[in-house]
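Nothing in this text is a laboratory measurement; each read-out follows from the coordinates by a stated rule. Just so it is clear, the model here is predicted, and its values are computed rather than measured. Heads up, the Cβs are rebuilt from the backbone with ideal geometry, glycines too, and the neighbour counts pull from every protein chain shown.
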Amino acid sequence: MLLINNCKNSAFNMKTRKNYIGDKVPYYGDLSVSITKALKEVEKLERYKFTELFVKNPRGYYEKNIEVFKSIGYNSKTKESVTVNNEIQGLYIFYKNGKAIYTGISRKLTSRLRQHFLGKSHLHASLVYLIARDEYDKKNDDWTGIRAELPGFAINRKRFQTDMINNWKISIYPEEDNYKLYMLELAVATKFQTKWNSFKTH
């Protein structure tokens with residue numbers, strides 16, 4: 001009986017082309033065409049400084065520049081109770097000296113950007129941690145200790161994030177389709193040869 005039910009479920013999924021959470025599963029050929037088109041669009045995206053996307057208020061807190069994010073295109077919500085879209089699901093790219101060096105994806109992209117540029121922990125500021133660890137490893141033996149205890153991280157984090165805020169640029173590509181979003185991240189990383197991306201599994 002279990003085998004029959006599994007067969008029925010498989011047939012249902014093949015017919016509807018949806019996965020177990022209801023996401024539409026695209027055909028590979030269609031997805032490849034879509035990614036090729038998206039890459040061309042990504043190349044033309046506007047690049048923003050962090051301070052163009054987030055404005056520092058009198059209390060020292062960086063608030064979203066709502067008008068800029070609206071122009072980029074809200075396509076999701078921060079929580080279900082919100083009645084209108086106020087967040088972006090999509091892909092982001094970081095540029096330094098005009099070169100793409102890192103790309104990432106997020107369901108809550110504005111929050112993720114804030115974490116990268118302002119986060120204080122190795123979990124939130126994960127890219128900063130990666131850069132700090134790379135710098136440490138080149139000057140010392142490779143760090144094999146606990147991530148949270150990387151020597152000098154607090155000081156180096158501030159230094160790196162100051163450089164990011166002052167000099168890095170950011171482009172944003174809103175995308176609601178989960179399959180396209182994941183494949184696009186890999187496509188961007190390989191097309192632009194981003195230094196700080198790795199797809200090594202844990």
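Observations, loosely collected:
- Sites listed here are trypsin sites (Lys or Arg not before Pro) in segment 62-92 whose DSSP assignment is loop and whose Cβ has at most 13 other Cβ atoms within 10 Å: K79.
- For segment 26-98, GluC sites (Glu not before Pro) are listed when DSSP marks them as loop and at most 12 other Cβ atoms sit within 10 Å of their Cβ; the list is E46, E80.
- The chain: most fluctuating residue of N166, N85, N19 per GNM, C-alpha cutoff 10 Å: N19
- Note on segment 12-77: Cα convex hull, mean projected area over all directions, 7.1 nm².
- Helix axis angle, 178-191 relative to the chain longest principal axis, alpha carbon, degrees: 50
- Angstrom value of the Kirkwood radius, inverse mean 1/r, which spans all Cα pairs in segment 162-202: 12.3
- Of all lysines in the structure, those lying under 19 Å Cα to Cα from K37, and not within fewer than 8 positions of it along the same chain, are K180, K191.
- By the count of other C-beta atoms within 10 Å, a proxy for reagent exposure, M164, M183 are ordered fewest to most as M183, M164.
- Pairwise alpha-carbon distances in segment 61-202 exceed 21 Å for 48% of all pairs.
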